[in-house]
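Undergrad: Can you read through this structure? Questions will come right after.
The values are calculated or read from the model by the stated rules, or taken from the named source; none is laboratory data. Owing to the predicted nature of the structure, the values given are computational and were not obtained by experimental measurement. Neighbour counts run over all protein chains shown; Cβ positions are idealised from the backbone, glycine included. Protein only, heavy atoms only, side chains kept; ligands, DNA and RNA dropped before computing areas. Shrake-Rupley method; radii C 1.70, N 1.55, O 1.52, S 1.80 Å.
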Amino acid sequence: EAQLVESGGGLVQAGESLRLSCTLTGLVFHDFAIMWFRQAPGKEREGVSCLYERDGSSYYADNVKGRFFVSGHYATSTVYLQMNDLKPEDTATYYCAAERTPRPTVKFCQLYGPRPEAVEFWGQGTQVTVSS
């Protein structure tokens, strides 16, 4: 039933911007934290960002802070990752994922970043390539 679908990836030059979308179906938006991961060939999967739609709290990895911004639109069950000033090292497959966060709960993703072991549902990924 639950499904996450990413879109918006593409090929851009360094310094340009992209906006990724993650559309959620079959789950209650406010019961989940939505996380963004990325993985480049030969590298470990890296947590990028997460968002708690219920109160708007969020997390950003140090190497994207100030360039990437996550937002949620409850009416359309969509989470966006706005990526500005893209760099070649941002090249990766980007995945959105959902962690169940029943109330009350500690916001582990906000405190420590996305954790793959906490993911209940994964999207299929979208490719981002940044050329220099």
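Undergrad: List every residue pair whose Cβ atoms sit under 7 Å apart, with the two residues 6 or more apart in sequence or on different chains, where the first one lies in the stretch 103-119 and is more than 10 Å from SER49 (Cα to Cα) and touching a residue at least 24 places away in the same chain (Cβ under 8 Å) and the second, anywhere, is surrounded by fewer than 16 Cβ atoms within 10 Å (Cβ to Cβ) and of a type outside the set (Lys, Arg).
TA: LYS107/SER57
Undergrad: Going through the stretch 31-42 one residue at a time, which ones are at pLDDT 95 or above and either in a loop (DSSP other than H, G, I, E, B) or over 15 Å from the mean Cα position of the chain (by Cα) (or both)?
TA: Of everything in the stretch 31-42, just one residue is at pLDDT 95 or above and either in a loop (DSSP other than H, G, I, E, B) or over 15 Å from the mean Cα position of the chain (by Cα) (or both), namely ALA40.
Undergrad: In the stretch 119-128, what count of residues is obtained for those that are open to solvent by less than 50 Å² (accessible area, probe 1.4 Å) and more than 17 Å from PHE29 (Cβ to Cβ)?
TA: So the count comes out to 3.
Undergrad: Which one is nearest to ALA118 (Cα to Cα), of the residues in the stretch 44-82 that are among the basic types (Lys, Arg) and touching a residue at least 12 places away in the same chain (Cβ under 8 Å)?
TA: ARG45
Undergrad: Could you please find all residues in the stretch 14-48 being open to solvent by less than 60 Å² (accessible area, probe 1.4 Å), closer than 16 Å to THR76 by Cβ and not aromatic (Phe, Trp, Tyr)?
TA: Residues satisfying the conditions are LEU20, SER21, CYS22, THR23, LEU24, GLY26, LEU27, HIS30, ILE34.
Undergrad: For the condition open to solvent by 60 Å² or more (accessible area, probe 1.4 Å), among the aliphatic types (A, V, I, L, M) and part of a strand (DSSP E or B), what is the one hit in LEU11, LEU51, LEU4?
TA: LEU11
Undergrad: Working only within the stretch 72-106, note down all residues that are open to solvent by less than 50 Å² (accessible area, probe 1.4 Å), touching a Phe, Trp or Tyr at 6+ places or on another chain (Cβ under 7 Å) and closer than 15 Å to PHE32 by Cα.
TA: SER77, CYS96, ALA97, ALA98, GLU99, THR101
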